[in-house]
Each structure stands twice: as C-alpha cells, then as structure tokens.
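The values are calculated or read from the model by the stated rules, or taken from the named source; none is laboratory data. Being a predicted model, the structure only gives us computed values, none of them experimental. Because the Cβ atoms are built from the backbone with ideal geometry, glycine has one as well, and the counts that use them run over all protein chains shown. SASA here: full protein model, heavy atoms, side chains in, ligands and nucleic acids out. Shrake-Rupley method; radii C 1.70, N 1.55, O 1.52, S 1.80 Å.
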Amino acid sequence: MARSPRTKGEEAGTPPPAVRLVSPFSFVEEVYNKGRFDWRAGEIVTEPKTIALLKQRRAPIEEIHAPE
C-alpha cells in the first residue's frame, strides 16, 4: 500500500493541532509494562505526544484543524 503524501506539518516535524480516530484503536504496551491504551472511534486527540504516538503506531486517524 502506498503512503499518503506528507502534509506541511509533517515535513516540519510538527504534529497537527488535532486528529480524529477513524475507527477504534488500542494496543498493549509491552516494553515498559504500562498497560493497555484504548481510543474510541470519533475521539478527538489534541495532545501532541499522544498524536505522535498514534502516528507511530499507525492508528487510523484523520487530521482536523479546528477541534470541536
């Protein structure tokens, strides 16, 4: 599958102001034993560290520019 083109924010290394989960997403953190992380479909995330984590884990997200 081809990667989506980078947006202006990705090129500069800055995360978007907010993202929305397209479908439910979860994972179990096994390296540091920090537990299970879950997000609901439609949930809006504005925390830059969480956005970076979701992108790193290839979560199904879409960028939004004005959080609701």
Task: Count of segment 2-28 residues which are open to solvent by 100 Å² or more (accessible area, probe 1.4 Å) and either assigned to a helix (DSSP H, G or I) or at pLDDT 90 or above (or both) - done: 2
TODO: Only residues that are touching a Pro at 6+ places or on another chain (Cβ under 7 Å), open to solvent by 40 Å² or more (accessible area, probe 1.4 Å) and within 11 Å of Leu21 (Cα to Cα): list them for segment 44-67, please.
DONE: Ile44, Glu63
Task: Residue match in segment 29-43 (condition: surrounded by 11 or more Cβ atoms within 10 Å (Cβ to Cβ), over 19 Å from His65 (Cα atoms), at pLDDT below 90 and not basic (Lys, Arg)) - done: yes
